[in-house]
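What follows is a single structure, written as structure tokens, with notes after it.
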Amino acid sequence: MDNIAKRLKKLRKQSGLKQKEIAEKLNITAGGYSNYERNFSLPSCEKLVLLANIYHTTLQYIITGEQDTQYYDEKNFCPFPQRLCELREKRNMTQQQVADCLGIRKATYQGYEYDKYEPKLDKLLQLTDLFDVTLDELLGRNRT
């Protein structure tokens, strides 16, 4: 998570924006955003997507540091729970099968699809591998 904090700070400085300005765009307090850059907390999936849009970069870069040469349409967005369900159904998998692959209870996985829970970063990365998609595609950003 430390590297995520460093990348967020680097991206903000490159954009020439202040923490307060980014916080306003995310509809959080400046202290809340500062916590991301100081490695005290990790942005939610929704906030990560917004940050990628603000910084005109990919989620893949923010989270892993890997450059992705794809471009994503900032306006063409699918909510994560809906996208997760679509990916699972495309693979003809049941919720139980996905939960088993992730090593979690079915109820926990269902919470992801029903927007009751948000997966932690390690589970997001497992889902990208399972569905063979980028973090951007998993979290609902569509390629242009």
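The values are calculated or read from the model by the stated rules, or taken from the named source; none is laboratory data. Here the structure is a predicted model, which means the values were calculated and not measured. Glycine gets a Cβ as well: all are built from the backbone with ideal geometry, and neighbour counts include every protein chain shown. Ligands, DNA and RNA are stripped out before the accessible areas are found, and what is left, the full protein with its side chains, is counted by its heavy atoms. Shrake-Rupley method; radii C 1.70, N 1.55, O 1.52, S 1.80 Å.
Tabulated results
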quantity	calculated
Area of K25 that stays accessible when all protein chains are in place (1.4 Å probe, Å², to 10)	120
Dipole of the chain, positive end: most advanced residue of S44, V98, A5 [Cβ charges, Cα centre]	A5
Cα centre as origin, Lys/Arg/Asp/Glu Cβ charges: the chain dipole, Debye	500
The chain, relative contact order [Cα under 8 Å, separation at least 6], %	25
Point-to-point label distance, K106-V133, nm (Cα→Cβ direction, 7 Å offset)	2.3
Reciprocal mean inverse distance between Cα atoms of the stretch 66-140 - Kirkwood radius, Å	12.7
Added length on full extension, which subtracts the Cα-Cα distance from 0.36 nm per residue, C78 to K47	9.8 nm
Size descriptor, Kirkwood hydrodynamic radius, that averages inverse alpha-carbon separations across the chain, Å	15.7
Using alpha-carbon coordinates, inclination of helix 2-15 to the longest axis of the chain, degrees	50
Unsatisfied cross-links (Cα-Cα over 31 Å) in the set K75/K120; K9/K120; K90/K116; K10/K123; K25/K123; K6/K90	K6/K90
Carbon + sulfur, % of accessible area of the stretch 3-144 - ligands and nucleic acids excluded, 1.4 Å	45
In degrees, nearest ten, helix 80-90 long axis to first principal axis of the chain (Cα)	40
Surface per residue (accessible, 1.4 Å probe) for the stretch 44-144, Å²	54
Net lengthening on full extension, K13/T29 (0.36 nm per residue, minus Cα-Cα)	3.9 nm
Chain lengthening between L121 and N92 when straightened (0.36 nm per residue, less Cα-Cα)	8.0 nm
³J(HN,Hα), Karplus 6.51/-1.76/1.60, whole Hz, each residue of the stretch 35-46, x for Gly, Pro	4, 5, 6, 9, 6, 8, 8, 10, x, 5, 4, 4
Value at 222 nm in deg cm²/dmol, rounded to 500, when DSSP H runs of n ≥ 4 in the chain each add -39,500 (n - 2.57)	-17500 deg cm²/dmol
